[in-house]
Amino acid sequence: MNDIAPIAERLLSAVRNRTATEPLTNTWPDLTIDEALTVQDAVVYARVDSGAKVVGAKLGLTSVAKQRQMKVDQPLFGWLTDDMQIDVGQSVECGRFIQPRCEPEIAFLINRDLEGPDVTAAHVLAATEAVFGAIDVLDSRFTGYAFTFNDVVADNASSAAFTLGGTYIDPKGIDLRLTGCVFEKNGELIATAAGAAVLGHPAASVAWLVRELARRGRGLTKGQVVMAGALTEAIPVAPGDTVVARFDRLGTVELACR
Ligand code: 0L1
Ligand code: MG
């Protein structure tokens, strides 16, 4: 069994010093998935100790392409805190991060507690107040985004920042699998995708998260936001860049980097 504190401290120090580190598994090669999740909790609790509040969760590695790239067959999750949120129209300061990347996502606002091992996409949709377009800002604490699955779980799924679009839509009237997205950087087209890129249906992705949390006696709570996973690849950003995610029905989300 590994001692969790020094492992979490390695990640916290990378965040504090804005300096990437080598994968944890180079130093702790037998790091288990349960230990990685405990490290994840420790890095989130450290933010909470500094005054942040957990406001939701995010999923990653939800597309078949990204899973193949990582040689895994399942997604992963992390936690979002209020100090990660960038208000609509605000820019993001890249200097806060080590190697930021952006990707477009569909986010869910959950309107009742949601937990249990049998939760399906239909349950998620029934418990969703609204969906909206979002941009996830990733920042791996590992040099060059080189990590194993357990490393990135411990690193809170590379969570760094996020912004939600201003257009809230009731998901019951639309088929989120067909929700198109055009992703641009500095006016150039980067990628196009539809909601089905996220585990077949973004609500299925949220349902997977709830079932996974249930295995550890946890769940989502009313008012939490869940980012369901990327529709496209993530792109590196630097000061002066602007990324725009244009969604069918969900409006446009824009994030300027300074
Ligand atoms: O949001 C995400 O897709 C994070 C997944 C973790 C892997 C990565 O940092 O690309
Ligand atoms: Mg993401």
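Would you tally the residues in the stretch 11-61 being of a type in the set (D, E, K, R) and open to solvent by less than 60 Å² (accessible area, probe 1.4 Å)?
Going through the stretch 11-61 one residue at a time, the tally reaches 3.
Only one residue in VAL152, VAL206, VAL182 is within 14 Å of ligand 2 (Cβ to nearest atom), buried (at least 16 other Cβ atoms within 10 Å of the Cβ) and within 18 Å of LEU250 (Cβ to Cβ), so which one is that?
Going through VAL152, VAL206, VAL182 in turn, the sole match is VAL206.
Looking only at the stretch 20-28, decide whether some residue is under 27 Å from ALA134 (Cβ atoms), assigned to a helix (DSSP H, G or I) and among the hydroxyl-bearing types (Ser, Thr, Tyr). First the steps, then the outcome.
Keep residues of the stretch 20-28 that are under 27 Å from ALA134 (Cβ atoms), which gives 20.
From what is left, the residues that are assigned to a helix (DSSP H, G or I) are none.
No, the stretch 20-28 contains no residue that is under 27 Å from ALA134 (Cβ atoms), assigned to a helix (DSSP H, G or I) and among the hydroxyl-bearing types (Ser, Thr, Tyr).
A quick yes/no check of all residues on (1) buried (at least 22 other Cβ atoms within 10 Å of the Cβ); (2) more than 9 Å from ligand 1 (Cβ to nearest atom); (3) under 12 Å from the mean Cα position of the chain (by Cα); (4) of a type in the set (A, V, I, L, M, F, W, C):
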{"site": "THR120", "(1), (2), (3), (4)": "no, yes, no, no"}
{"site": "ALA126", "(1), (2), (3), (4)": "no, yes, no, yes"}
{"site": "ARG141", "(1), (2), (3), (4)": "yes, yes, no, no"}
{"site": "SER159", "(1), (2), (3), (4)": "yes, no, yes, no"}
{"site": "PHE162", "(1), (2), (3), (4)": "yes, yes, yes, yes"}
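Restricting attention to the stretch 158-182, report how many residues are aliphatic (A, V, I, L, M) and out of contact with any helix residue (DSSP H, G or I) (no Cβ under 8 Å at 6 or more places or on another chain).
In the first step, residues of the stretch 158-182 are kept if they are aliphatic (A, V, I, L, M); the result is 160-161, 164, 169, 174, 176, 178, 182.
After this cut, where a residue has to be out of contact with any helix residue (DSSP H, G or I) (no Cβ under 8 Å at 6 or more places or on another chain) as well, the list is 164, 169, 174, 182.
Selection size over the stretch 158-182: 4.
For ASP136, all conditions in the list (1) closer than 15 Å to PRO75 by Cβ; (2) without any contact (Cβ under 8 Å) to a residue 24 or more places away in the chain; (3) acidic (Asp, Glu) hold save one; what is the number of the exception?
(2)
Check whether at least one residue in the stretch 88-96 is of a type outside the set (A, V, I, L, M, F, W, C), away from ligand 1 (no atom under 12 Å from the Cβ), under 21 Å from TYR45 (Cα atoms) and surrounded by fewer than 18 Cβ atoms within 10 Å (Cβ to Cβ), and report yes or no.
Yes, there is a match, as at least one residue in the stretch 88-96 is of a type outside the set (A, V, I, L, M, F, W, C), away from ligand 1 (no atom under 12 Å from the Cβ), under 21 Å from TYR45 (Cα atoms) and surrounded by fewer than 18 Cβ atoms within 10 Å (Cβ to Cβ).
With the checklist (1) touching a strand residue (DSSP E or B) at 6+ places or on another chain (Cβ under 8 Å); (2) more than 18 Å from ARG141 (Cβ to Cβ); (3) not small (Gly, Ala, Ser) in hand, flag the one item THR32 doesn't pass.
Here THR32 clears every test but (1).
Failed condition for ARG47, given (1) within 16 Å of ligand 1 (Cβ to nearest atom); (2) of a type in the set (D, E, K, R); (3) touching a strand residue (DSSP E or B) at 6+ places or on another chain (Cβ under 8 Å), with all others met?
(1)
Could you tell me which numbered condition TYR168 fails, if it satisfies all but one of (1) within 15 Å of ALA107 (Cβ to Cβ); (2) surrounded by 21 or more Cβ atoms within 10 Å (Cβ to Cβ)?
Here TYR168 clears every test but (2).
Among the residues of the stretch 209-258 satisfying the criterion of being closer than 14 Å to PRO104 by Cα and assigned to a loop (DSSP other than H, G, I, E, B), which is nearest to ligand 2 (Cβ to nearest atom)?
ALA234
The values are calculated or read from the model by the stated rules, or taken from the named source; none is laboratory data. Just so we're clear, the structure is a prediction, and the values are computed from it rather than from any experiment. Every residue, glycine among them, receives a Cβ derived from its backbone with ideal geometry; neighbour counts consider all protein chains shown. Calculation scope for accessible area: heavy atoms of the full protein, side chains included, ligands and nucleic acids excluded. Shrake-Rupley method; radii C 1.70, N 1.55, O 1.52, S 1.80 Å.
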